[in-house]
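**Student:** Take a look at this one; I'll ask things after.
The values are calculated or read from the model by the stated rules, or taken from the named source; none is laboratory data. If you're wondering where the values come from, they're calculated on a predicted model, not measured in any experiment. We place every Cβ from the backbone using ideal geometry, glycine too, and count neighbours over all the protein chains shown. The accessibility values were calculated without ligands, DNA or RNA, using every heavy atom of the protein model including side chains. Shrake-Rupley method; radii C 1.70, N 1.55, O 1.52, S 1.80 Å.
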Amino acid sequence: MFDYPILSLLIWLPIIGGLFLVISENMSNKLSEYLTLVITFIILLITINLSINYDYTSDQLQFVERTNWIDGLNIFYFLAVDGISVSLILLTAFINFLIAIYAVSEKYRNKSSFLGYFLILEGLLIGTFTAFDSILFYIFFESLLIPLFLIIGIWGGENRKYATIKFFLYTLFGSVLMLISIIYLSSIAESFAIRDFYSLNLSFNEELFILIAFLIGFGIKIPMWPVHTWLPDAHVEAPTSGSVILASVLLKVGGYGMIRFMLPITTEAGIFLSEYMIYLSLIAIIYISFVAYAQDDMKKLIAYSSVAHMGFVTLGIFLVFHLLDSNLTAAVIGLEGAIIQMISHGLISAALFFSIGIIYKHSKSRLLKDNYGISMYMPIFSFLMLFFLMANSGLPGTSGFVGEFLVITSSLGSNIIIGLLAATSLLLSASYSLKLGKNVLFGENIKNTQGYNECNTNEIIVLISLVIFILYLGLTPDYLFQIIDHTTINIIDSINLGRR
Amino acid sequence: MIINLFFIPEILLSFGVMIIILIDLFLQNYKAVTFKLIQLLLIVSAYYSINGQISFTHESYDLSEFLNILKFILILGSFIIFHYTYKHLVYLNTLKIEYFTISILGLIGTMIMISAHSLLILYLGIELLSLSLYALIGFNKKSSLSSEAAIKYYVLGAMSSGVLLFGISLVYGFTGSINYSEIANIVDTVQINSVEYLGIIFGIIFITASLCFKFGVAPFHMWVPDIYQGSLVSTTTLLSTLPKIAVFIVFLKLFYIPFLSMINVWSDILIFVGMLSIIIGSIFALTQENIKRLLAYSAISNIGFIVLSLGLVTNDGLQASLYYTIVYSLTALASFGIITHITCNSHGIEKISDLAGLSKTHPYYAILILITMLSSAGIPPMIGFHAKLIVIQALINSEYIMLSILVVLMTVISAYYYLKVIKTIYFDNREELISVYSNSSIVLSLNSISLLILGIFPYYLFNLTSYLMDLLFTISI
């Protein structure tokens, strides 16, 4: 179909461009901005082209690139896409383009390296979503830590040293356990290709240990309760763009890994443990929502809200285990809901972190008590931010509603109590979102000591384009459904295949 | 044949060293020229080490392609070390050509060690190496730490040599031979639980203990941090690479030729000792403030990986240990190499905090340290990840699942102190003087960046080790 290796291009163009920007420290800011804009724009165009050419009626992997990488160990350079990958690559490319636009109007010390690390991150993220060889996946998955570690550590807030090391060690701990299970699986399958793991005959105990390793590895990344504590710290200390990429794309790597590895490989153990994992997700949804309500730091509030929303993703995934034997349709709906929730949360959390970044730029404080009455001075911005807060609370018509609705529907298919508990999130997320909106946007602020001033053009462009896509996905999610539909059914099929 | 033999690197180097000592006597003021001659000597002997085409097994000495490639690696390593050392010594105003001649004698010692086919020749090689190391460690006469380190190493080294000799005499006493192959034949026929059997076991334990001391493996690791800290950085670089490669090959030869039928004895010892080193190296490094001590503990844990995978006695394990040895040497060369290049307040780097703010004054060096530290921590895409990967794979293939979990948990712990170094360089601010000799050294850059490049294209190194493995099994060691 294509003459050039499109996925390799998507991965290596930003990485090489980013390395170039990191090394050439003395490059002028203008030049580095243009370079970043051009590269991210090219990547966005290629991904759009890819999604148009992607044949979503087919079950096969597409755009496959497969060559020997390390002969002796049977490791392949194996890239391909299916529906989930396509949707997540689109999200990655889109968010990175927005970050590039946003960064133009911002001042950073040593800007070219800053932008360079983001480009490297983009390439690695696309690599993570397209690698179909487990070691290749692991390498991309793990390399992600390096640029993010440096972004938060160099350009972060006061407490950044603690936050970066906590975040790095937490995720490293999770992923090394995952590495062991990957090697163990490969020693049985005599191959590192992820798809070869699906048809293995594992004993129940083996599956249980592998499931727990994956659960720790991806659960820390996503993050699930109770291993979420690194996320608020990392978010608070990260610069705005760092928070955006962290919340909107990096967390999705965990969900993606769960769908790619946990569901098909460790099905039996998953069914055995599904009840407990669903409880964990419900705790994340309900308890963390209360925690979010209690925060007085805007970034922390949104960070906890991210954890709560990712609870829906894990809930949707674990419901598949639960419903596999009883109600296959509901299982498909749950998985689709989880995927759509990932995409939609990617857009909404990005928008919220951008908004908080804009507020922080003026008032130099993230605390709720220091920010009030913004709507008097930034009316357009306030309107947009209110919209994002509504989307965050799952207002019908926005993309936030679709994913949660699907997951709740699916959970009703298994147990009405689970469905009811999950549905409380609609109330809880509305309460903390509105609390944030009420305190920050409205109120009397005559002196304007914070120096609020209407957003500049770049920021408006970024926010408006996010509004468009949130509305688009909320009103007509057909396109996204088309992309992921066959893949989800395919995954459920391969789960059943593995069980037989 | 005689002419050919002249060109085996050991003899070439020995003659070369004699000549260079003489030249240095008469050309005291032209040290730069003499140093060029030394480099030339190394290049010539490196050339002959892989192009000599000599392979024979004498009663007590062998030469084979496998050993030739390793000698090439050793000479290459010393070439790089000398390159770093020269600049360092010039900067410290203590340039003496003796430093290099003594190092070359140590290099010859390592070559004799790996070529030895008899326990006595092995002992000679080890002594030659140790004697030159005693001198090198005490080289910095002005520093009391250096003298202390030299005495410590001398006393402990002499004791371990005594233990080695004791082990050798036990083996000789119970087998009647010091030749590897003959010992192998006799050990094969020894009855289990006979007196001879026990005697040989004791011999093996003593020999292993002494070699573990030279290797710096826990529980014989106490000297490592002190001596690393006390000696010049350039000596530390030497200490942490050449002897380790040599001792590794000695282990390999001893266990796979004379004591092969005693697998059950030494494989458990090696696995235990290796695991202990990984644990001690990872945990004790956490509180270190001195960068040399930190790297010393990091060396202990890295050597632990090598010994552990050697102790598995599988093809995977053997290949993993070879691979790990090469990767470790590259990483150690790079990390110590960078430290030889940087000075703080016109003295060498001692504390980790001396490196603070390096990323702002010398971003290029900061990137090099970033690469080496991430590689040591085993974070992909650096080569260190692949090394750890195949060790863990070898462990899992031998069904040591719990051991592999313990190993990876230790790598997480050790990642903390590598991150601490990166944190100091990138996130800490300081206004003190950090200076470097040159803005970019080509050898150093190649050395450090190769860790990244080889990590992205790991099959080059992997093919090399597979080739070495083939040599190992087709031709006898």
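**Student:** Pull up the DSSP beta bridges for the range B:2-474 and report the antiparallel fraction as a percent, rounded to 5.
**Tutor:** Working: 10 of 10 bridges.
Antiparallel bridges make up about 100 percent of those DSSP assigns within the range B:2-474.
**Student:** Give me D for the range B:110-250 in µm² s⁻¹, whole number, from Stokes-Einstein with Rh from the Kirkwood sum over alpha-carbon pairs, 4 °C and 1.567 mPa s.
**Tutor:** Translational D for this selection: 82 µm²/s.
**Student:** Using the Kirkwood radius over Cα pairs, work out the Stokes-Einstein diffusion coefficient for the range A:444-500 at 37 °C and 0.692 mPa s, in µm²/s as a whole number. All intermediate terms of the calculation are to be shown ahead of the outcome.
**Tutor:** Working: Rh = 15.7 Å.
The estimated diffusion coefficient comes to 209 µm²/s.
**Student:** Right, something else. Against the longest alpha carbon principal axis of chain A, how many degrees, from 0 to 90 and to the nearest 10, is the axis of helix A:328-363 turned?
**Tutor:** 30
**Student:** Quick one: plug the Kirkwood hydrodynamic radius of the range A:206-343 (C-alpha pairs) into Stokes-Einstein at 37 °C, 0.692 mPa s, and report D in µm²/s. Could the numbers behind the result be given before it?
**Tutor:** On the way: Rh = 15.0 Å.
Calculated translational D: 219 µm²/s.
**Student:** Let me ask something additional. Inside 10 Å of the C-beta atoms of A:172-184, what's the mean count of C-beta atoms belonging to other chains? All intermediate terms of the calculation are to be shown ahead of the outcome.
**Tutor:** On the way: counts 9, 6, 1, 4, 12, 4, 1, 10, 9, 1, 3, 10, 7.
Mean number of neighbouring Cβ atoms from other chains: 6.
**Student:** Please report, in whole Å, how far the alpha carbons of chain B spread along each principal axis, starting with the longest.
**Tutor:** Answer, in whole Å and largest first: 70, 59, 42 Å.
**Student:** Please sort by residue number the trypsin sites (Lys or Arg not before Pro) in the range A:359-438 whose DSSP state is loop and whose Cβ has at most 15 other Cβ atoms within 10 Å. All intermediate terms of the calculation are to be shown ahead of the outcome.
**Tutor:** Working: sites: A:K361, A:K364, A:R366, A:K369, A:K435, A:K438; in loops: A:K364, A:R366, A:K369.
Qualifying residues, ordered by number: A:K364, A:K369.
**Student:** Continuing with this model, one more query. What is the average number of partner chain Cβ atoms found within 10 Å of a Cβ in B:380-387? All intermediate terms of the calculation are to be shown ahead of the outcome.
**Tutor:** Values: counts 13, 7, 3, 0, 0, 6, 5, 0.
The per-residue average across the peptide is 4.
**Student:** Also: Could you order peptides A:12-20, A:114-122 by the average number of other Cβ atoms within 10 Å of their residues, highest first? Could you put the intermediate results ahead of the total?
**Tutor:** Numbers: A:12-20: 19.9, A:114-122: 26.9.
Ranked from most to least packed, the peptides come out as A:114-122, A:12-20.
**Student:** Can I ask one more? Report the A-B buried area as the accessible area lost on both sides summed, probe 1.4 Å, in Å² to the nearest 100. Before the final figure, lay out each step's value.
**Tutor:** Numbers: alone 18180 and 18720 Å², together 33630 Å².
Summed over both sides, the interface buries about 3300 Å².
**Student:** Here is a follow-up. Against the longest principal axis of chain A, how steep is helix A:160-189, in degrees 0 to 90 to the nearest 10, with axes from Cα atoms?
**Tutor:** Taking the Cα atoms of chain A, the angle to A:160-189 is about 10 degrees.
**Student:** Pairs A:K221/B:K423; B:K152/B:K244; B:K360/B:K388: which exceed 25 Å Cα-Cα? Working shown, then result.
**Tutor:** Numbers: A:K221/B:K423 22 Å; B:K152/B:K244 19 Å; B:K360/B:K388 32 Å.
Exceeds cut-off: B:K360/B:K388.
**Student:** Would you mind finding the longest exposed-site-free stretch of chain B, with exposed trypsin sites (Lys or Arg not before Pro) meaning DSSP loop and at most 10 other Cβ atoms within 10 Å? Intermediate values should be presented prior to the final figure.
**Tutor:** Details: sites that count: B:K141, B:K142.
By the stated rule (loop sites, at most 10 other Cβ atoms within 10 Å), B:143-477.
**Student:** Would you please give the FRET efficiency between A:D485 and A:S431, computed as 1/(1 + (r/R0)^6) with r the Cβ-Cβ distance and R0 = 30 Å, to the nearest 0.05?
**Tutor:** Values: r = 34 Å, r/R0 = 1.13.
It comes out at approximately 0.30.
**Student:** Something else about it: Using a 7 Å offset from the Cα along the Cα-to-Cβ direction at both B:L464 and A:I212, what is the distance between the two label points in nm, to one decimal?
**Tutor:** Taking the two extended label points, one gets 4.1 nm.
**Student:** Per 0.36 nm of contour for each residue apart, how much would the distance between A:I283 and A:N448 grow if the chain were fully extended, relative to their Cα-Cα spacing? Kindly include the intermediate steps, with their values, before the conclusion.
**Tutor:** On the way: separation 165, 0.36 × 165 = 59.40 nm, distance 4.01 nm.
So the extension gain works out to 55.4 nm.
**Student:** So if we plug the beta-carbon distance of B:S353 and A:S465 into 1/(1 + (r/R0)^6) with R0 = 30 Å, what FRET efficiency do we get, rounded to 0.05? Please list the in-between numbers first.
**Tutor:** Numbers: r = 46 Å, r/R0 = 1.52.
According to the calculation, E is roughly 0.10.
**Student:** Find the percent of Cα-Cα distances in the protein assembly as shown that exceed 49 Å, and round it to a whole number. It would help to have the intermediate numbers written out before the result.
**Tutor:** Values: 139808 of 476776 pairs.
Roughly 29 percent, rounded to a whole number.
**Student:** Of all alpha-carbon pairs in the range B:98-164, indicate the percentage at a distance above 16 angstrom. Provide the component values of the computation, followed by the final result.
**Tutor:** Working: 1086 of 2211 pairs.
Result for the distance tail: 49 percent.
**Student:** Find me the longest stretch of chain B that has none of the exposed GluC sites (Glu not before Pro), where exposed means in a DSSP loop (not H, G, I, E or B) with at most 13 other Cβ atoms within 10 Å. Before the final figure, lay out the partial values.
**Tutor:** On the way: sites that count: B:E59, B:E289, B:E399, B:E431, B:E432.
It works out to B:60-288.
**Student:** Output the antiparallel fraction of DSSP beta bridges having both residues in the protein assembly as shown, as a percent to the nearest 5.
**Tutor:** Details: 19 of 19 bridges.
Of all bridge pairs located within the protein assembly as shown, approximately 100 percent are antiparallel.
**Student:** How about the range A:157-259: which GluC sites (Glu not before Pro) there are in a DSSP loop, with at most 16 other Cβ atoms within 10 Å of their Cβ? Please report the intermediate quantities before stating the final value.
**Tutor:** On the way: sites: A:E158, A:E190, A:E206, A:E207, A:E237; in loops: A:E158, A:E190.
Qualifying residues, ordered by number: A:E158, A:E190.
**Student:** Would you compute the Debye intensity of the range A:73-119 from its alpha-carbon atoms alone, equal scatterers and no solvent, and pass along log10 I(q)/I(0) at q = 0.31 Å⁻¹ to two decimals?
**Tutor:** So the normalised log intensities work out to -1.10.
**Student:** Of all the Cα-Cα pairs you can form in the range A:6-499, what percent are over 39 Å apart? Mind showing how you got there, number by number?
**Tutor:** Details: 20827 of 121771 pairs.
Roughly 17 percent, once rounded to a whole number.
**Student:** How much FRET efficiency would the formula 1/(1 + (r/R0)^6) give for A:L200 and A:I416, where r is the Cβ-Cβ distance and R0 is 35 Å, rounded to 0.05?
**Tutor:** On the way: r = 36 Å, r/R0 = 1.03.
The pair A:L200/A:I416 has a calculated efficiency of 0.45.
**Student:** So, with +1 on the Cβ of K and R and -1 on the Cβ of D and E, and no other charges, what is the size of the charge dipole of chain A about its Cα centre, to the nearest 20 debye?
**Tutor:** Numbers: 23 positive and 33 negative charges, 318 e Å.
Here the size comes out at about 1520 debye.
**Student:** Next question. So which chymotrypsin sites (Phe, Trp or Tyr not before Pro) in the range A:413-500 pass both tests, a DSSP loop state and at most 12 other Cβ atoms within 10 Å of the Cβ?
**Tutor:** Values: sites: A:Y432, A:F442, A:Y452, A:F469, A:Y472, A:Y479, A:F481; in loops: A:F442, A:Y452.
Here no chymotrypsin sites (Phe, Trp or Tyr not before Pro) fit, given the DSSP loop and packing criteria.
**Student:** Using only Cα atoms, what Kirkwood radius does the range B:272-383 have, in angstroms? Don't skip to the answer; put the middle values down first.
**Tutor:** Working: mean 1/r = 0.0667 Å⁻¹.
One over the average 1/r among Cα pairs gives 15.0 Å for the range B:272-383.
**Student:** Let me confirm one metric for peptide B:414-427, namely the mean number of other chain beta-carbon atoms within 10 Å of its residues' beta-carbons. Write out the running numbers ahead of the final one.
**Tutor:** Working: counts 0, 7, 4, 0, 0, 9, 2, 0, 7, 8, 1, 0, 6, 10.
Average neighbour count from other chains, rounded to a whole number: 4.
**Student:** Right, something else. Could you give the length gained by full extension between A:N68 and A:D55, i.e. 0.36 nm per residue of separation minus their alpha carbon distance, to one decimal place?
**Tutor:** Working: separation 13, 0.36 × 13 = 4.68 nm, distance 2.62 nm.
Result: 2.1 nm gained on full extension.
**Student:** Another one. Near the amide H of A:I75, under 5 Å away, which other amide H atoms are found, from residues 5 or more places off or on another chain, if H is placed in the peptide plane?
**Tutor:** Distant-sequence amide H within range of A:I75: A:W69, A:I70.
**Student:** If you don't mind, another one. Under 25 Å Cα-Cα from A:K447, which lysines qualify once same-chain neighbours fewer than 8 residues away are excluded?
**Tutor:** A:K299, A:K361, A:K364, A:K369, A:K435, A:K438
**Student:** Right, another one. For A:K438 and A:T476 in the same chain, what is the full-extension length gain: residue separation times 0.36 nm, less their Cα-Cα distance, in nm? Please list the in-between numbers first.
**Tutor:** Details: separation 38, 0.36 × 38 = 13.68 nm, distance 2.96 nm.
This chain segment gains 10.7 nm when fully extended.
**Student:** How far apart, in nm, are two points set 7 Å out from the Cα along the Cα-to-Cβ line at A:A294 and at A:Y77?
**Tutor:** 5.1
**Student:** Per the Kirkwood definition applied to all pairs of different Cα atoms, how many angstroms is the hydrodynamic radius of the range A:332-466?
**Tutor:** Details: mean 1/r = 0.0628 Å⁻¹.
By the Kirkwood definition, the hydrodynamic radius is 15.9 Å.
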